[in-house]
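The values are calculated or read from the model by the stated rules, or taken from the named source; none is laboratory data. The structure displayed is predicted, hence computed values, not measured ones. Please note: Cβ atoms are built from the backbone with ideal geometry, for glycine as well, and neighbour counts cover all protein chains shown. To get the accessible areas, we keep the full protein, side chains included, count just its heavy atoms, and leave off ligands, DNA and RNA. Shrake-Rupley method; radii C 1.70, N 1.55, O 1.52, S 1.80 Å.
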Amino acid sequence: MSLHPALIAFFIIALAILSAAISFLTLRKVIYMALAIGAVFIGCAAVYILLGAPFVGIAQVLIYAGAITILIMFAIMLTNHEEMEPPFRWTLQNGASAAFCVLLAAALLWIIRSQAWPAQGGTDINHGRSNPAAIGLELFQHYTVAFELVSLLLVVALVGAVVLAQARKEDE
Amino acid sequence: MDNPVVSVPTGSLLGLAAILFCIGLYGVLTKRNLIMVLISLELMLNAVNINLVAFSRLGVAPNLDGQVFALFTITVAAAEIAVGLALVLAAFRLRKSTEVKDLNTEKY
Amino acid sequence: MTDWVWLVPLWPLAGYVFLLLSGRRTPEAVAAGVSVVLTGVSCVLSLVVFFQLGPEPASGETWLFHWLTIGSARVDVGISLTHLNALMLVVVSLVSVLVLLFSRGYMRGDERFSVFYQYLNLFVFSMLGLVISPNLLQLYIFWEMVGLCSYLLVGFWYFKPEAALAAKKSFIVTRIGDTGLFIGMVLLFLGTGGSFDFTAIFQAVSAHTLHLGWMGSQGLTTLAALLVFLGAVGKSAQFPLHVWLPDAMEGPTPVSALIHAATMVAAGVYLVARMFPLFQASPPALTTVAWIGGVTALLAALIGLTQRDIKRVIAYSTISQLGYMMLALGIGAYTLGVFHLFTHAFFKALLFLAAGSVIHAVDTQDLFQMGGLGRKLPITRWSFLAGALALAGIFPFSGFWSKDDILTAAWQQGDTALYWLGLAAAFCTAFYIFRVYFLVFTGQSRDEERTRGAHEGSWVMTVPLVILAVLATLAGFVNTPWNGHALERYLEHDATASAAAATPVHESLPLMVFSVVVGLLGIGLAYLLYGRESAAPARLAERFSILHAVSFNKFYLDEVYYYTVVAAGKVVARFVRALDRYLIDGIIEVGARLVGVLGLALKYTQNGQVQAYGVIAAFGLVVVIVVAVLGVGGVL
């Protein structure tokens, strides 16, 4: 297999994502953890762009890396969190979790290895349009109802978040 | 750029997603801070999104559905994190703590 | 016009539904008016059908609708119109209308007036449905429905403990008979290879194709006939299951007149008449029917001699007269049994309604608290007298024609034992009914307090009495030698009954005169003992104290049943209760304790830590995936 530039880029990105994720698990300073998670989100966006899905990638950057990360930082600050996570300890729960996660990963990887995947497609899934235009058509032609429902969900979530987060009288 | 032949092997993409998913799962199961648990959940969702986008390009019948689904997932995740964080704030106000182990009112 | 027969039962049903929906607060006049008018329409329709029904056997028709299929057996519901059924329709609807009208006065002011009418309407519907059933299963359903209505109406004043007990007793005792009928029905169903239909059963019986396992046609016919007869014994209060009917007098008197005199108790007789070809094919069954009928006739008449409760006397006379009908059927005089049913419905309903009128006036049922009421209740008095003469079988009242025909038939068939049995019963009947008459209507009042304010009820009560009195007097003339036994000829048009006509009755003047004389002797004795104030009855009772006690205590049958059947039932029930409490409950208890202990142990896994649950779920996920990969061969 020749080392195509895109392949090299993918491995670099994958390495970055995984190392950011691992550091999210191991870092103890809360603000660093938030930064690490932002790195994972941006890495994922890069993978999407690499796969020819620039619209999803940009949306990922805007929503995850932008909005959600900021939201999390606000939440951390609002809950008056101490700067440091307590040090890691090997409890029964942690050990079991690690074992099961490793097992699960092993099983999944084994399945992926043992499967013959279809050849790399050259099909034009955008039907000759630009990717955002194709997605827009898809959304408003085939997924109209779902799209509207999702917007409704967003409104409900917005209102719900406000109601849940606002200070109630009896708490004061 | 519109329609490149993707030279990344499918198995590598799926492997990346699987590992990311397991890391997220481990975080959900072990993190002691509620906010960190939520973040770990987001990791798992991202792993799923990678799969969706990968199959949108490399599946048996490549089409745009995978990408649209990924978009929906992102939207729903945004809604979820908003409500989730609001809940964390409410719980924090109630118990002065964001530790998962303090939310054990359903204990026997 | 006969096509309209399906409408007949629907009018009372409409009345029932109307009263059910309009609720308890329905004004009395509305409830009674609607019921009387609707049932009146049924009555008119029945009369039209009765007269329109042609003379040839085929003019009776059957309309069937497919109901359900069991295996290969097809069960229909529908309407069967025979001459017998047409006659029953007339009897039931006519008496119903009069009783419904009478109840307007008798039940005035009752808290549950409209509920009473509701039940009565349901009963009339069920009874009309019963007599036009084309097959045994439908008949059985309506049979149980009239039983249910009887239960509801006997226990109508459920706040009286005796009424509640009597309702329970009537239900349980008739249930014994119903069980027999049910088993008989199932045997016939299996024996005919899967049919409840009357005609199919009769065909199988006459072709001797009835069979079931090792049992041949003759044996199965006899067994089925006896079991069906057991149902009739329960419903028609024949010995030994007659004990419920006197107690059922706890119900309101119109109920006694309608259900426990004219219609429902006659359903047993009707059943035997309807199934007559089955009985005809089995001489032992016929003999049983005749003897049970004869014994019941005399036994009930003997008990009736000494009762103090006016309704109970009439109730025993009902049992006795039903015995006559059974006797007639048993000796093969099918048409005569039905004829007696016809006349009896009128004069017995009359007697009950007249008794109701008396009770309404003096508010007691004890004969020895009445007396001298003839002047205060003239209409009641004369109509009661007409009913009493009919019951006693005095020429030319209706009872004379039907009862005398039965006795004559018994004599001419050579069943002299049954003849003497019936004649003895006739003597007792004449005596006890005139004992009631003299005690109630003549002489001096024995309880001034009660009888002082006695007066006739309003027209709704007197009109039915007068109509019934006319019918009781004249109904016998539908079947006299002068019109060539019109009713017998009418009934013989039924194909099922044609064989029964093989034994025609020839009027015999000596026998007629003899039975009238016997009846008059009974009346004369009653006059001697009770017509004037005298100590003779008390002296006689003392002289024959044992006999008097036996009769007064109803041959101690209730006590015998209590100490045998009921006591045995209680022993079984106690055993079963112990079994349930200690064995079955014990097993359940052990199971429950086990689960409880398990739950106590497992509750500590519920530590409220959501991440602990997550670990277990992750473990489950891993297991599922590994099993899927290794065991099933893939996750897809």
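A compact table of results
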| read-out | value |
| --- | --- |
| Selection status of B:ARG32, touching a strand residue (DSSP E or B) at 6+ places or on another chain (Cβ under 6 Å), farther than 23 Å from A:GLN141 by Cβ and within 14 Å of chain C (Cβ to nearest Cβ) | yes |
| Identity of the residue in segment B:56-97, open to solvent by less than 20 Å² (accessible area, probe 1.4 Å) and assigned to a loop (DSSP other than H, G, I, E, B), that ends up farthest from the other protein chains (Cβ to nearest Cβ) | B:GLY59 |
| Answer from C:VAL518, C:VAL513 - the residue that is closer than 30 Å to C:GLY422 by Cβ, at pLDDT 85 or above, assigned to a helix (DSSP H, G or I) and in contact with a helix residue (DSSP H, G or I) (Cβ under 7 Å, 6 or more places away or on another chain) | C:VAL518 |
| Flag if B:VAL48 is surrounded by fewer than 19 Cβ atoms within 10 Å (Cβ to Cβ) and more than 7 Å from chain A (Cβ to nearest Cβ) | yes |
| One residue from C:ARG104, C:ARG108 being of a type in the set (D, E, K, R) and assigned to a helix (DSSP H, G or I) | C:ARG104 |
| Residues located in segment A:31-71, provided they are farther than 24 Å from B:PHE69 by Cα and in contact with a helix residue (DSSP H, G or I) (Cβ under 6 Å, 6 or more places away or on another chain) | A:MET33, A:ALA34, A:ALA36 |
| Residue list for segment A:1-13, restricted to those being more than 7 Å from chain B (Cβ to nearest Cβ) and among the hydrophobic types (A, V, I, L, M, F, W, C) | A:MET1, A:LEU3, A:ILE8, A:ALA9, A:PHE11, A:ILE12, A:ILE13 |
| Check on A:PHE55, open to solvent by 50 Å² or more (accessible area, probe 1.4 Å) and touching a Pro at 6+ places or on another chain (Cβ under 6 Å) | yes |
| Residue count, segment B:7-29 (criterion: more than 7 Å from every other protein chain (Cβ to nearest Cβ), crowded, with 20+ Cβ neighbours inside 10 Å and more than 12 Å from the chain's Cα centre (by Cα)) | 1 |
| Any chance C:ALA32 is open to solvent by less than 20 Å² (accessible area, probe 1.4 Å) and more than 26 Å from C:LEU100 (Cα to Cα) | no |
| Residue match in segment C:369-379 (condition: within 22 Å of the chain's Cα centre (by Cα) and not β-branched (Val, Ile, Thr)) | no |
| Of the criteria (1) among the aliphatic types (A, V, I, L, M); (2) surrounded by 22 or more Cβ atoms within 10 Å (Cβ to Cβ); (3) at pLDDT below 90; (4) part of a helix (DSSP H, G or I), which one C:ILE176 fails | (2) |
| Test: residue in segment C:441-453 that is over 25 Å from the mean Cα position of the chain (by Cα), in a helix (DSSP H, G or I) and crowded, with 24+ Cβ neighbours inside 10 Å | yes |
| Residues of segment C:386-420 classified as surrounded by fewer than 24 Cβ atoms within 10 Å (Cβ to Cβ) and in a helix (DSSP H, G or I), total | 8 |
| Qualifying residue in segment C:235-255 (condition: out of contact with any strand residue (DSSP E or B) (no Cβ under 6 Å at 6 or more places or on another chain) and within 30 Å of C:LEU68 (Cα to Cα)) | yes |
| Residue that is touching a Cys at 6+ places or on another chain (Cβ under 9 Å) and without any contact (Cβ under 8 Å) to a residue 60 or more places away in the chain, where the choices are B:LEU25, B:LEU52, B:LEU58 | B:LEU25 |
| Residues of segment C:340-385 satisfying the condition of being open to solvent by 10 Å² or more (accessible area, probe 1.4 Å) and of a type in the set (Gly, Ala, Ser) | C:ALA361 |
| Helices (runs of 4 or more DSSP H) contained in segment C:232-325 and holding at least 3 residues among the β-branched types (Val, Ile, Thr) and open to solvent by 10 Å² or more (accessible area, probe 1.4 Å) | C:283-304 |
| Some residue of segment C:579-596 being touching a residue at least 12 places away in the same chain (Cβ under 8 Å) and either surrounded by 11 or more Cβ atoms within 10 Å (Cβ to Cβ) or over 60 Å from the mean Cα position of the chain (by Cα) (or both) | no |
| Filter result for the condition that a residue is open to solvent by 60 Å² or more (accessible area, probe 1.4 Å), in a helix (DSSP H, G or I), within 15 Å of C:VAL99 (Cβ to Cβ) and at pLDDT 90 or above, over C:VAL44, C:VAL37 | C:VAL37 |
| Boolean, A:ALA16 is more than 7 Å from chain B (Cβ to nearest Cβ), within 30 Å of C:VAL622 (Cβ to Cβ) and crowded, with 17+ Cβ neighbours inside 10 Å | no |
| Residues located in segment A:58-71, provided they are within 7 Å of another protein chain (Cβ to nearest Cβ) and open to solvent by 30 Å² or more (accessible area, probe 1.4 Å) | A:ILE63, A:ALA67, A:LEU71 |
| Subset of segment A:72-102 [more than 7 Å from chain B (Cβ to nearest Cβ) and open to solvent by 90 Å² or more (accessible area, probe 1.4 Å)] | A:PHE74, A:MET77, A:ASN80, A:GLU82, A:GLU83, A:PHE88, A:ARG89, A:TRP90, A:LEU92, A:VAL102 |
| Counted residues, segment C:398-414 - those being over 23 Å from the mean Cα position of the chain (by Cα) and either closer than 20 Å to C:ALA301 by Cα or without any contact (Cβ under 8 Å) to a residue 40 or more places away in the chain (or both) | 8 |
| Every pair of residues 6+ apart whose Cβ atoms lie under 7 Å, when the first sits in segment C:553-568 and is farther than 22 Å from C:ARG308 by Cα while the second is outside any helix (DSSP H, G or I) | C:TYR561/C:VAL243 |
